[in-house]
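Visitor: First the structure, then my questions, so here it is.
The values are calculated or read from the model by the stated rules, or taken from the named source; none is laboratory data. All figures in this text were calculated on a predicted structure; none of them were measured in a lab. Neighbour counts are summed over all protein chains in view; Cβ atoms, including those assigned to glycine, are modelled from backbone coordinates with ideal geometry. In case anyone asks, the SASA skips ligands and DNA or RNA and just uses the protein heavy atoms, side chains included. Shrake-Rupley method; radii C 1.70, N 1.55, O 1.52, S 1.80 Å.
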Amino acid sequence: MARRRRSSLLFDLFAASQQVRSLLASAMDGSGLRPDEYAVYSALFEFEPMSPTDIAATVGMPPTTVSHYIRAMRERGHLREVPNPQDTRSRLLSLTAAGRRAHRRANVAFEEAYARFVAEIGDEQGVKAALLDVEAAAEGARARLARDSRARTG
């Protein structure tokens with residue numbers, strides 16, 4: 001693949017994330033779940049039960065986007081919901097047997113893409129460590145932007 005000319009680290013990260021999205025979309029085509037949906041299913045598979053807020057934080061999606069996926073999962077019969085004993089306004093979500101089967105089918109495609117990606121990248125642990133730094137930097141920059149914006153508007 002030809003290297004593209006890049007203008008900044010943020011642009012490079014954005015372009016890389018688009019390449020990863022494209023890889024996953026290609027690999028998961030026909031698996032029954034799109035990559036974004038798979039992320040929500042995977043969060044529940046790994047950490048259930050979870051509140052919608054916890055899912056959004058885990059997968060890095062806006063709560064409104066997660067709500068859309070939750071609604072679709074509910075319609076498919078892939079979601080079990082119970083009241084959250086810690087917060088009466090919230091509910092705890094987990095996958096039904098049908099939801100686990102859907103996740104398992106999509107996981108086969110994800111794992112194939114993952115194996116090929118790791119083979120290309122080489123130093124998986126080094127990249128994971130760098131990504132943790134990137135996430136922390138993005139979170140810090142976002143918080144600083146919000147603080148500065150509030151300070152400017154008074």
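Visitor: Enumerate the amide H contacts of Asn84 below 5 Å, restricted to partners 5 or more residues apart or on another chain; note that Pro and chain-start residues carry no placed amide H.
Guide: Ser90, Arg91, Leu92
Visitor: May I ask which residue of Ala97, Gly140, Ile70 lies farthest towards the positive end of the charge dipole of the range 34-154, with charges of +1 (Lys, Arg) and -1 (Asp, Glu) on Cβ and the Cα centre as origin?
Guide: Working it through, the farthest residue towards the positive pole turns out to be Ile70.
Visitor: Please give the per residue accessible area of the chain, computed with a probe of 1.4 Å over protein heavy atoms only, in Å². Let's see the in-between values first.
Guide: Numbers: 10870 Å² over 154 residues.
Normalised by residue count, the accessible surface of the chain is 71 Å².
Visitor: Suppose each label sits 7 Å from its Cα in the direction of the beta carbon; what would the Ser17-Ala136 distance come out to in nanometres?
Guide: About 1.9 nm, to one decimal.
Visitor: Please give the solvent-accessible surface of Thr153 in Å², to the nearest 10, using a probe radius of 1.4 Å with every protein chain present.
Guide: For Thr153, solvent-accessible area is about 120 Å².
Visitor: How many percent of the accessible area of the range 95-135 is carbon or sulfur, using a 1.4 Å probe?
Guide: Carbon plus sulfur share of accessible area: 58 percent.
Visitor: Tell me, what ³J(HN,Hα) does each residue in the range 44-49 have, in order and in whole Hz, if you take phi through Karplus 6.51 cos²θ - 1.76 cosθ + 1.60 with θ = phi - 60° and put x for Gly and Pro?
Guide: Per-residue couplings from phi come out as 5, 4, 7, 10, 4, x Hz.
Visitor: Label point 7 Å out from Asp29 along Cα-to-Cβ: which residues of the range 101-118 have amide N under 19 Å?
Guide: 106-117
Visitor: Once amide H atoms are built 1.01 Å from N in the peptide plane, which residues 5 or more positions from Ser51, or in another chain, come under 5 Å H to H?
Guide: Result for Ser51 returns Leu93.
Visitor: Based on the alpha-carbon gyration tensor of the range 81-149 and its eigenvalue square roots a ≥ b ≥ c, which shape applies: rounded if a/c is under 1.5, prolate if not and a/b is larger than b/c, or oblate?
Guide: Details: a/c = 3.49, a/b = 1.04, b/c = 3.36.
Here the range 81-149 falls in the oblate category.
Visitor: A further question follows. Sort 10-19, 34-43 by the packing proxy (mean of other Cβ within 10 Å over each peptide's residues), most packed first.
Guide: Going by the mean number of other Cβ atoms within 10 Å, highest first, we get 34-43, 10-19.
Visitor: Ok, one more. So I have (1) 29, 25, 13; (2) 33, 28, 14; (3) 30, 21, 13, and one of them is semi-axes √(5λ) of the Cα gyration tensor in Å calculated from this model. Which one is it?
Guide: (1)
Visitor: Before rounding to the nearest 500, sum -39500 (n - 2.57) across all DSSP H runs of length at least 4 in the chain and divide by the residue total; then give [θ] at 222 nm in deg cm²/dmol.
Guide: That calculation yields -24500 deg cm²/dmol at 222 nm.
Visitor: For the range 15-32, just list the computed ³J(HN,Hα) in residue order, Karplus coefficients 6.51, -1.76 and 1.60, θ = phi - 60°, integers in Hz, with x standing in for Gly and Pro.
Guide: Karplus-based 3J(HN,Hα) across the range 15-32 equals 5, 5, 5, 5, 5, 5, 4, 5, 4, 5, 4, 5, 5, 8, 4, x, 7, x Hz.
Visitor: In addition: Treating the Cα atoms of the range 65-121 as identical point scatterers in vacuum, please give the log10 of the normalised Debye intensity I(q)/I(0) at q = 0.14, 0.15, 0.21 Å⁻¹, two decimals.
Guide: Each listed q maps to, in turn, -0.54, -0.60, -0.84.
Visitor: Right, something else. Considering Cα pairs under 8 angstrom that are at least six residues apart, work out the relative contact order of the chain and quote it in whole percent.
Guide: 22
Visitor: For Leu79, enumerate residues with amide H under 5 Å from its amide H, sequence gap 5+ or separate chain, H modeled in the peptide plane.
Guide: Under 5 Å from the amide H of Leu79: Thr96.
Visitor: Rounded to the nearest 20 debye, what is the charge dipole size of the chain about its Cα centre when +1 sits on each Lys and Arg Cβ and -1 on each Asp and Glu Cβ?
Guide: Value, rounded to 20: 520 debye.
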